[in-house]
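Here's the structure, in structure tokens; my notes come after.
The values are calculated or read from the model by the stated rules, or taken from the named source; none is laboratory data. If you're wondering where the values come from, they're calculated on a predicted model, not measured in any experiment. So basically every Cβ, Gly included, is an ideal-geometry build from the backbone, and we count neighbours across all protein chains shown. What goes into the accessible areas is simple: the full protein's heavy atoms, side chains included, and nothing from ligands, DNA or RNA. Shrake-Rupley method; radii C 1.70, N 1.55, O 1.52, S 1.80 Å.
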Amino acid sequence: MKTEIEKMRSEEPYSYAAPEVAQSISRAQRLCAKLQTMTIADRDYRETIQELIPGMAPTACICPPFHCDHGHGISIGEGTFINYNCTMLDSGHIRIGSHCQIRPNCQFYTPSHPLGYIERRKPVETSWPITIGDDCWLGGGVIVLPGITVGARSIIGAGSVVTKDIPEDSVAVGNPCHVIRHRHEQN
């Protein structure tokens, strides 16, 4: 029988009130609170961020403040820079590729609640993974919804709400976010 965390990571309905899920959230909240008192230049920064996000490459950087639900559902590739005030609700996996630029106030939401209001009264949700390909640039205030993939080398304009997958080498903007052109440059 699967644990609630295993269900959470398997795109199955799970109880976010289960003790193991609550304990994981509490752990992340303590580490996020500790990060809020640091800068990326502080001696304890790297140790704290890697404790929170074990899947973060050593050359990646997240500027505090940073918020997440669990931390262990996040992987971040080499050379990726995530600016201030990012929120990652990582009940589902959030995979951010290498050499990405994530501007301030970006938000990544993997959980989804039931559509029926009676079901929403229960502490149950389902989470869908988010994938951001290598060499992507997300402008300030971008929101990425559950289950989305942004293809490699794509640019998402500031303030966009990404509600559907974006193909590789695209420039996409708006709410809902839509492709306005495909990039063919190689530099």
Given the C-alpha atoms of the stretch 49-111, compute the convex hull and give its volume per residue in Å³. 62 Å³
The stretch 6-61 versus the stretch 111-185: alpha-carbon centroid distance in Å: 21 Å
Multiply the residue separation of residue 33 and residue 119 by 0.36 nm, subtract the distance between their alpha-carbon atoms, and state the gained length in nm to one decimal. 27.8 nm
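Got a number for carbon plus sulfur as a percent of the chain's accessible area, 1.4 Å probe?
So the carbon and sulfur contribution to the accessible surface is 55 percent.
In the stretch 40-98, which trypsin sites (Lys or Arg not before Pro) are in a loop and have at most 13 other Cβ atoms within 10 Å, using DSSP for the loop call? Intermediate results must be reported in sequence, preceding the final value.
Working: sites: 43, 46, 95; in loops: 43.
Filter output for the stretch 40-98: 43.
Given the rule -39500 (n - 2.57) for each run of at least 4 DSSP H residues, summed and divided by the residues of the chain, what is its mean residue ellipticity at 222 nm, to the nearest 500 deg cm²/dmol?
Values: 4 runs with 35 residues, N = 187.
Mean residue ellipticity at 222 nm (helix-derived): -5000 deg cm²/dmol.
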With the crude spin-label approximation of a point 7 Å out along Cα→Cβ, what separation in nm comes out for residue 175 versus residue 57? 3.2 nm
Between 17, 41, 57, find the one with the highest GNM mean-square fluctuation for the chain; connect C-alpha pairs within less than 10 Å. 41
Hydrodynamic radius by Kirkwood for the chain, inverse mean 1/r across distinct Cα pairs, in Å, is 16.9 Å
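Hey, got a sec? Which GluC sites (Glu not before Pro) in the stretch 36-96 land in a DSSP loop and have at most 16 other Cβ atoms within 10 Å? Write out the running numbers ahead of the final one.
On the way: sites: 47, 51, 78; in loops: 78.
When the GluC sites (Glu not before Pro) of the stretch 36-96 are filtered for loop state and at most 16 Cβ neighbours within 10 Å, 78 remain.
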Cleavage-rule hits, trypsin sites (Lys or Arg not before Pro), the stretch 96-163, DSSP coil, Cβ neighbours within 10 Å at most 15: 121
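Computed over the Cα atoms, what is the radius of gyration of the stretch 148-187 divided by 2.2 N^0.38 Å, N being its residue count? Each step should come with its number before you reach the end.
Details: Rg = 9.4 Å, N = 40, 2.2 N^0.38 = 8.9 Å.
Here the Cα radius of gyration is 1.05 times the empirical estimate.
Please get the size of the charge dipole for the chain, origin at its Cα centre, with Cβ charges of +1 on Lys and Arg and -1 on Asp and Glu, quoted in debye to the nearest 20.
Numbers: 17 positive and 20 negative charges, 79 e Å.
About 380 debye.
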Once the in-chain neighbours fewer than 8 apart are removed, the lysines whose Cα is under 17 Å from residue 122 read 7
